[in-house]
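Below is one structure; the comments refer to it alone.
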Amino acid sequence: MKVKIESSNIIKPFYEDNIIPPSTRTYIPLSVFDKVTYEAQIAIIYAYRPPTPPNAAIQLGLQKALAIYREWAGRLGKDEHDNPVILLNDEGVRFVEASADSTLDKVMPFKPSASLLNLHPSLNNVVELVQVQVTRFTCGSLVVGFTAHHTVADGHSTSNFLVAWGQACRGLGINPLPLHDRTIFNPRNPPLIEYEHKGTEFMSKSVKKENSLNESTHHVTEDIVVHKVHFTVEFLAKLKAKASSMNNNNNNNNNKPYSTFESLVAHLWRAITKARGLSVFETTHIRISVNGRMRLNPRVPNEYFGNLVLWAFPTSKVKDLLREPLPYATKLIHDAVAKVNNNYFRSFIDFANHKEEDLIPTADMSKHILCPNLEVDSWLRFPFYDLDFGTGCPYMFMPSYFPTEGMMFLLPSFIGDGSIDAFIPLFQDNLPTFKKICYSLDLLEN
């Protein structure tokens with residue numbers, strides 16, 4: 001697949017005739033949740049069958065959506081006190097038009113490989129907070145590559161923006177409107193720090209330096225492959241039943257079955273750990289995002305635009321993870337996520353407002369190897385499939401190529417039947433074992 005760039009331009013918000021353009025000298029301070037998240041661009045890819053709207057209609061819709069979500073059209077910067085902010089300067093986003101030399105059917109389904117990087121603008125050294133590339137295929141199909149800076153918004157907020165973009169393309173009013181106020185997370189007086197946040201959301205600069213040195217002495221990143229696994233509804237139901245089979249002895253869970261997400265992540269944690277061939281005495285954890293909108297009390301509206309995520313870190317010795325049955329790992333995940341509640345979020349807000357200068361976030365997209373640990377990015381509940389430019393929803397979306405060993409992505413399958421696609425980056429020499437056991441409900445117990 002050869003992709004040719006036809007044009008690359010900066011486009012700015014379009015304000016309707018009845019709207020007075022706002023000042024371009026204002027800014028929004030970053031919240032403690034913005035400051036602790038990944039400082040990186042994230043890319044996703046959509047595919048649409050013909051007929052598709054013209055590029056000009058897609059661009060105009062984007063410009064209208066940017067007039068409501070002005071943060072994306074701004075830039076990251078500092079205020080007069082050197083605090084990090086989003087400058088609402090309307091400097092715009094990058095809009096790239098491209099063409100491919102083949103039909104879409106010829107290259108579908110997209111495999112997670114470096115060729116995907118041709119379908120969206122580069123993620124390196126970018127000042128724009130959003131970038132879009134529309135690539136036309138000879139059959140009339142359209143692929144839209146979208147990149148966004150994570151410091152500005154989490155997946156929940158970004159998916160809301162994408163839905164709004166589609167609404168604007170279809171001539172609809174944007175609904176719901178975003179809540180832009182990032183100053184609502186005030187620390188308590190006096191602060192009440194009930195949990196350990198150093199070593200969880202934050203680490204010292206010296207620890208990061210040590211981790212970077214350790215990573216460089218292990219595998220080279222060229223050994224990493226991203227393997228896509230499709231889990232059917234039938235397999236997921238069996239997995240959920242197996243994970244929940246010991247719940248009758250779990251009084252704290254009120255005998256409710258574990259969720260599909262908890263069951264699948266537990267299964268993948270065990271399968272990847274076995275495939276890695278780790279020492280039984282090593283410790284392994286998973287980093288799992290927890291949305292604070294539903295955890296904080298009073299509840300933060302779903303329309304809140306920004307980052308509002310912390311992480312759970314279920315942890316186990318390799319020996320216990322592989323020796324104990326699946327419900328053991330599933331319970332670890334369930335309990336760790338449940339712990340990240342209102343009290344935890346409030347404790348974090350207090351800590352982050354009084355932390356030591358030497359501390360930096362543990363969220364780091366520059367790491368290429370997570371072994372012996374894992375991270376899971378779940379897009380199962382985001383309305384990504386609702387990005388309709390006017391001729392129907394996409395028939396496929398997926399993450400771009402992120403070859404970070406151990407960083408999993410979970411997506412609803414484009415089949416639309418409730419099945420799940422998992423994108424699993426592993427070292428090449430761990431892949432045969434993983435392939436052998438990833439569909440097995442029993443092999444890990446053997």
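Sorting the segments 38-51, 257-270, 187-200, 165-178 by their residues' average number of neighbouring beta-carbon atoms within 10 angstrom, most packed first, yields 257-270, 38-51, 165-178, 187-200. Filter the cross-link list LYS78/LYS111; LYS2/LYS238; LYS64/LYS205; LYS198/LYS240; LYS106/LYS435 down to pairs whose alpha-carbon distance in this structure exceeds 31 Å. Exceeds cut-off: LYS78/LYS111; LYS2/LYS238; LYS64/LYS205; LYS198/LYS240.
Mean projected area of the Cα convex hull of the range 280-388, taken over all directions, amounts to 9.8 nm².
Size descriptors for the range 1-63: radius of gyration and Dmax over Cα atoms are 17.3, 45 Å.
Computed over protein heavy atoms with a 1.4 Å probe, the carbon and sulfur contribution to the accessible area of the range 21-116 reaches 53%. Using a probe of 1.4 angstrom and keeping all protein chains present, the accessible surface of the range 273-431 works out to 38 square angstrom per residue. Computing Rg and the Kirkwood Rh from the Cα coordinates of the range 1-138 gives a ratio, Rg/Rh, of 1.02. With q set to 0.06, 0.10 Å⁻¹, the log10 of I(q)/I(0) for the chain, from the Debye formula over equal scatterers at the Cα positions, is -0.26, -0.77.
The value for the range 359-435 of Rg(Cα) / (2.2 N^0.38 Å) is 1.33. List the trypsin sites (Lys or Arg not before Pro) within the range 351-446 that fall in a DSSP loop (any state other than H, G, I, E or B) and whose Cβ has at most 14 other Cβ atoms within 10 Å. Qualifying residues, ordered by number: ARG381.
Counted by Cβ distance under 15 Å from ARG182, the other residues give a net charge of -3, where Lys and Arg count +1 and Asp and Glu count -1.
Solvent-accessible surface of protein heavy atoms, probed at 1.4 angstrom with all chains present, puts CYS438, CYS371 in the order CYS371, CYS438, largest first.
In terms of overall dimensions, the C-alpha atoms belonging to the range 230-322 reach 42, 32, 29 Å along their principal axes, ordered largest to smallest.
The values are calculated or read from the model by the stated rules, or taken from the named source; none is laboratory data. Predicted model, so just to flag it, every value in this text is computed and none were measured. As a convention, Cβ positions derive from the backbone with ideal geometry for all residues, glycine included, and neighbour counts pool all protein chains shown. Ligands, DNA and RNA are excluded from the accessible area calculation, which covers all protein heavy atoms including side chains. Shrake-Rupley method; radii C 1.70, N 1.55, O 1.52, S 1.80 Å.
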